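Encoded as C-alpha cells, the structure appears first; notes follow it.
Coordinate-derived values only; no laboratory data. In this text the structure is predicted, and so the values were computed from the model without any measurement. Here the Cβ is made from the backbone with ideal geometry for all residues, glycine too, and neighbour counts use every protein chain on show.
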Amino acid sequence: MKSLSQSPLLTRANSVSAQIRPDRWVILGLGKTGLSVARFLSAQGEEVVVFDTRSEPPNLKVLSHELPGIKVHTTNFPEDLFRHAKAFVVSPGIALELPVFESARQAGIPIFGDIELFTRHVTAPYIAITGSNGKSTVTTLVSKMIEAAGYSVKAGANLGTPALDLLLPPEPAYYVLELSSFQLECTTGLSAEVACILNITADHLDRHKSIDAYVRAKARILHNADYVVLNADDPLVVEVGKNLHNVHWISTNVDTPKNYGVANHGGSRWLTHEGAPLWPISAIQIKGTHNEFNALAAIAITDRIGVPRAVQRAILEQFPGLDHRCRLVAEHNGVRWFNDSKGTNIGATVAAVGGIFSDRAGVLIAGGQGKGADFRGLRTALINRVHSVVLIGEDAKLIEAVIDDVVSVAYASDMREAVALAARAVRSGESVLLSPACASLDMFDNYEARGYAFEAAVRAMLQT
C-alpha cells in the first residue's frame, strides 16, 4: 500500500503556512468507525489524534488499551490541531456543517471519511449498495449468493464491520459495501464494480436539510461504476440515472420497462429477466412486494459476476430475512405479529405496510423521532390496509395530525402498552406490524433494542 501522506487528498492550500509541517491525522468521532480509522492509520505508521465532543466516547477504553500512544481530546476542539493536521477524517454521524469543518476548509485541510480511505487502498473489486430502505437485506443476499457460488467475500461498511477493517488480510475475491448517505457525502473516489441505488425516500432531512442534498449524496455511489442497478419505479432514482448508459433497471410494476421485473406466468407471479420467467415468487422465503424488489436487486447485482441461477434461487429459498426487518415474531389465534423496527423512515414503513398488509388488514405500531420527515406520505399507504395505529414516542402527535381522519389512533407510553392496545384492536385473520417510520433514540438505545422490546412484549402478552 502507498503511504497515506502521498495521497492527492493531502494537497494543502497556500493559506497554510509553509513553516508548519502537517504531521498528523485528526479523526473526528470515536464510535465504531472512528476506532477503525485509528487502527488503520496507526498500522500505516501515521500519527493520529482523535477528537470527540463527548466527555466519555464509547470506544475510549478500547483505544487506550490497543493504541495508548494516541491522544484523545474531548468536549472542546483544540485550535492547535488545525496547524498540524494533514487531513480530517470524519465519522458518518457528524454533520459537515459544523463550524470546525468550515475552519478546516478555510485552512485548506482535506475532509473525508473512512469510505474514501477504503477506495484509495482497496485492490479487489467491490460492490456498493445504497438506498433509503432495503440496503441491509440486499447487501446480505448478495454476500450470501457470492459465497455460495464459491467466491470469497467480505461485507460491511454501514452494515456490520467497518469498511477499513475489511481490508485486513486475507483479501477476498469481492467486497460488498452497504453505504449510507452520511458515508457517501464524504466520498469523491468511488469506483465500484457494481453500484446500486434501491430507492430514495425522504430521510435524514434533519441532517441533509433538503431532499435535493440527500439525493446528491446518494448519487455519489454511481461515480465511475462499471455496472449500475437502479429502481425504475422510483422517480428520484430514475432522474439520477436518466443520462447513464450502463444501467440495468428493476421494476415490480408490470407495465414499466425494465430488465428485471415481475410478471404473471402460469397463473402465478414470477420473477423475470428480460421478460423471461426465472422462478415463482412463492419460492422466495422473504415476503412482500418490497422483498420481491430486493430479490430482483440481488439477482441483478450478482448476474454481473456470473453467479449461477441455481445458486441465486437456493439463497432466496433459504434466507428468512434480517432481524427487526419484517420478521414474523408470533402467530396466535389467527393474528400475525411482525417486527420491522428497522423501519426508521417513512419509505421503509410504506414498503412494510404494502408488503405485510397486501392480503390482510390490521394494526400498525409507529412513532419515535421523525428526523424532520413529512408524515403525510403515510396516509395513502394506510388506506384500505390498516384500520388502527398505535403511536409511541416524541413525534406521535405529528403523525396523528396527518392520519387521524383515515385510521383509528391510540397513544401508548411504552412498548408493553403499545402491544396491549394493538392486541385489543386487531381481529383474527389480521396482522400487527411494528414499523415506526422514526428513529428510536427518544425511548431506546437503538432500533434493535426497540425491536427486542416489542418481541418481549408480544411473548409476554401471549403467555398471559
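What Kirkwood Rh does region 70-146 have if only Cα atoms enter the pairwise 1/r average? Answer in Å.
It works out to 15.5 Å.
Work out the FRET efficiency for Glu56 and Leu398 from their Cβ-Cβ distance, taking R0 = 35 Å, and round it to the nearest 0.05.
Rounded to the nearest 0.05, the efficiency is 0.60.
Do any trypsin sites (Lys or Arg not before Pro) in region 181-282 lie in a DSSP loop with no more than 15 other beta carbon atoms within 10 Å, and if so, which?
Of the trypsin sites (Lys or Arg not before Pro), the ones in loops of region 181-282 whose Cβ has at most 15 other Cβ atoms within 10 Å are Lys209, Lys242.
Please state the relative contact order of the chain as a whole percent: Cα pairs under 8 Å, 6+ residues apart?
11 percent.
Which FRET efficiency, nearest 0.05, do Gln106 and Gln44 yield, Cβ-Cβ r, R0 22 Å?
It comes out at approximately 0.20.
Stretch Leu441-Asn333 to full length: gain in nm at 0.36 nm per residue minus the Cα-Cα span?
Length difference between fully extended and current span is 35.6 nm.
Averaging sequence separations of C-alpha pairs under 8 Å and six or more residues apart, then dividing by the length of region 327-463, give the relative contact order as a whole percent.
Relative contact order of region 327-463: 38 percent.
Pairs of alpha-carbon atoms within less than 8 angstrom and 6+ residues apart define the contacts here; what relative contact order does region 25-113 have, in percent?
On the way: 130 pairs, mean separation 30.4, N = 89.
So the answer I get is 34 percent.
Where the Cα atoms of the chain are projected onto their three principal axes, how long is each span, largest first, in whole Å?
75, 51, 38
Let me know the Rg and Dmax you get for region 327-463 when you use only its Cα atoms, in Å.
Taking only Cα atoms of region 327-463, I get Rg and Dmax of 13.0, 38 Å.
Taking the Cα-to-Cβ direction at Arg216 and at Glu171 and moving 7 Å from each Cα, how far apart do the two end points lie in nm?
3.5 nm
Along the three principal axes, how long is region 225-341 when you take its alpha carbons, biggest first, rounded to the nearest angstrom?
Over region 225-341, Cα extents along the principal axes are 52, 30, 28 Å.
Compute the signed sum of charges (Lys and Arg +1, Asp and Glu -1) over the other residues within less than 15 Å, Cβ to Cβ, of Ser268.
Numbers: positive: Arg269, Lys287; negative: Glu292, Asp359.
Once all neighbours under 15 Å are counted, the net charge is 0.
Taking the alpha-carbon distance from Lys154 and a cut-off under 16 Å, which lysines remain once sequence neighbours fewer than 8 residues away in the same chain are dropped?
Straight-line reach from Lys154, under 16 Å: Lys135, Lys144.
For region 90-194, which GluC sites (Glu not before Pro) pass both filters: DSSP loop (anything but H, G, I, E, B) and at most 13 other C-beta atoms within 10 Å?
Working: sites: Glu97, Glu102, Glu116, Glu147, Glu178, Glu185, Glu193; in loops: Glu97, Glu185, Glu193.
Of the GluC sites (Glu not before Pro), the ones in loops of region 90-194 whose Cβ has at most 13 other Cβ atoms within 10 Å are Glu97.
If you take every DSSP beta bridge whose two residues both sit in region 118-318, what share of them, in percent to the nearest 5, is antiparallel?
Details: 10 of 33 bridges.
Taking every DSSP beta bridge within region 118-318, about 30 percent pair in antiparallel fashion.
Where does the chain land at 222 nm, in deg cm²/dmol rounded to the nearest 500, when only DSSP H runs of n ≥ 4 count, each adding -39500 (n - 2.57), divided by all residues?
On the way: 17 runs with 153 residues, N = 464.
Taking each H run of at least 4 residues, the total per residue is -9500 deg cm²/dmol.
Taking the DSSP beta bridges in the chain as the whole, what percent of them are antiparallel, to the nearest 5?
Bridges in the chain are about 25 percent antiparallel.
Distance from the Cα centre of region 120-136 to that of region 148-187, in angstrom?
With region 120-136 and region 148-187 each reduced to a Cα centre, they are spaced 6 Å.
Excluding residues fewer than 8 places away in the same chain, name every one of the lysines whose C-alpha is closer than 17 Å to that of Lys86.
Leaving aside lysines fewer than 8 places away in the same chain, those within reach of Lys86 are Lys2, Lys71.
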